[in-house]
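Asker: Below you'll find the structure I mean.
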Amino acid sequence: MAQVLIIDDSPTELHVLKTMLDGHGYLVIAADNAEQGIKLAHEQNPDLILMDVVMPGMNGFQATRALSKDPETGSIPIIIVTTKDQETDRVWGLRQGAKDYLTKPVMEAELIAKINTVLGV
């Protein structure tokens with residue numbers, strides 16, 4: 001069972017994403033800010049990270065860059081899941097090290113398909 005770390009400051013989004021993932025047999029851990037998410041990534045070494053962008057303090061682009069460049073967490077794939085739907089945002093997110101980019105609201109089938117693709121399932 002793959003472990004997925006969700007980093008999102010919205011309790012509603014955390015609940016929605018967790019419910020989707022639970023239904024497909026994923027083990028979910030969650031952080032409500034980027035700093036806590038980076039700490040959990042180091043402690044738990046998840047198989048995948050779902051990263052929001054718009055958060056107080058460190059944003060998701062900064063956190064993605066930090067995780068991607070760190071030798072300890074650089075191999076953990078990150079999918080950005082955000083309301084930022086501009087092409088420039090998508091390109092920037094991928095440049096920071098994300099493997100894929102989804103805009104909210106996320107459709108469950110699309111989310112699971114992207115996770116499976118990134119994890120090679």
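Asker: Return yes or no: is GLU72 surrounded by fewer than 22 Cβ atoms within 10 Å (Cβ to Cβ), closer than 19 Å to GLN96 by Cβ and among the acidic types (Asp, Glu)?
Answerer: When the stated conditions are applied, GLU72 passes them.
Asker: Pairs only if they're at least six apart or on different chains, beta carbon under 6 angstrom, first in segment 30-47 and surrounded by 17 or more Cβ atoms within 10 Å (Cβ to Cβ), second among the polar types (S, T, N, Q) and not in a helix (DSSP H, G or I); list them, first residue then second.
Answerer: Filtered contacts from segment 30-47: ALA41/THR73; PRO46/GLN3; ASP47/GLN3.
To keep it simple, each residue is scored yes or no on (1) at pLDDT below 95; (2) touching a Leu at 6+ places or on another chain (Cβ under 7 Å); (3) under 22 Å from ASP85 (Cβ atoms); (4) of a type in the set (A, V, I, L, M, F, W, C).
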site: ASP8; (1), (2), (3), (4): no, yes, yes, no
site: LEU14; (1), (2), (3), (4): no, no, yes, yes
site: HIS24; (1), (2), (3), (4): no, no, no, no
site: VAL28; (1), (2), (3), (4): no, yes, no, yes
site: GLN36; (1), (2), (3), (4): no, no, no, no
site: ASN59; (1), (2), (3), (4): no, no, yes, no
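Asker: Which pairs do you get when a residue that is farther than 20 Å from ILE112 by Cβ and modelled with pLDDT under 95, found in segment 81-101, comes within reach of a residue that is outside any loop (DSSP other than H, G, I, E, B) and among the hydrophobic types (A, V, I, L, M, F, W, C), reach meaning Cβ atoms under 8 angstrom, with the pair 6+ apart or on two chains?
Answerer: none
Asker: Look at THR64 and say whether it is in contact (Cβ under 8 Å) with a residue 24 or more places away in the chain, within 19 Å of VAL118 (Cα to Cα) and either crowded, with 20+ Cβ neighbours inside 10 Å or in contact with a Gly (Cβ under 8 Å, 6 or more places away or on another chain) (or both).
Answerer: Criteria met by THR64.
The values are calculated or read from the model by the stated rules, or taken from the named source; none is laboratory data. Owing to the predicted nature of the structure, the values given are computational and were not obtained by experimental measurement. No Cβ is skipped: glycine too gets one built from the backbone with ideal geometry, and neighbour counts run over all protein chains shown.
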